[in-house]
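Encoded as structure tokens, the structure appears first; notes follow it.
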Amino acid sequence: MQIKSFLRTLTLLHGSLIFGLIVFALFVYFQNRSFKVGTDSHDYYLYIVPTIALLGYFLGKYLFQKQLQSVNRKDDLTSKLTRYLTASIIQYALLEGPALFALASYYINGNALHLVIGLSLLAYLIKLRPKIDTVIKALPLSQTEEQQLKRSEH
């Protein structure tokens with residue numbers, strides 16, 4: 001895997017997921033203008049949405065770290081970048097799913113908590129924007145590999 005194609009692929013994937021979530025959030029918000037702030041003890045979504053959001057967040061972080069811990073310093077750069085790409089896709093998916101579920105829950109019952117949770121997950125996903133510095137810090141790279149990545153940034 002070429003370094004340029006790795007960055008392009010990861011950036012395109014990340015941007016597509018964010019764009020889709022933003023479009024869905026706008027659609028949901030403008031279709032359902034109700035904005036309930038209270039709690040209803042019969043609304044099971046009040047328990048399910050935060051639970052799924054927390055599971056997605058923590059499981060995504062855990063699996064990302066677990067995947068990167070299995071990267072060996074002696075592996076070639078292509079193997080390391082492929083492993084990082086896989087770990088990132090898993091983490092993005094585990095944030096995207098709960099965000100979509102939270103936004104859909106807001107669409108169904110109009111509870112503002114679900115909208116806030118969905119938008120918070122979206123904001124965190126935006127924060128995870130792929131950058132060369134992040135890749136360098138996350139992977140066990142040699143000096144040569146690190147320099148290759150830094151050169152590809154320009």
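Derivation of every value follows stated rules applied to the coordinates shown; laboratory data play no part. Given the structure is predicted, the values throughout are model-derived calculations rather than measurements. Here the Cβ is made from the backbone with ideal geometry for all residues, glycine too, and neighbour counts use every protein chain on show.
Within the same chain, lysines fewer than 8 places from K66 are excluded, and of the rest, those with a Cα less than 18 Å from its Cα are K74, K80, K137.
Angle, helix 77-109 long axis vs. longest principal axis of the chain, Cα atoms, 0 to 90°, nearest 10? In the chain, helix 77-109 runs at an angle near 10 degrees to the longest axis. Using +1 at the C-beta of Lys and Arg and -1 at the C-beta of Asp and Glu, which of T82, S105, Q67 has the Cα lying farthest in the positive direction of the dipole of the stretch 3-152? Positive-most Cα among the choices belongs to T82.
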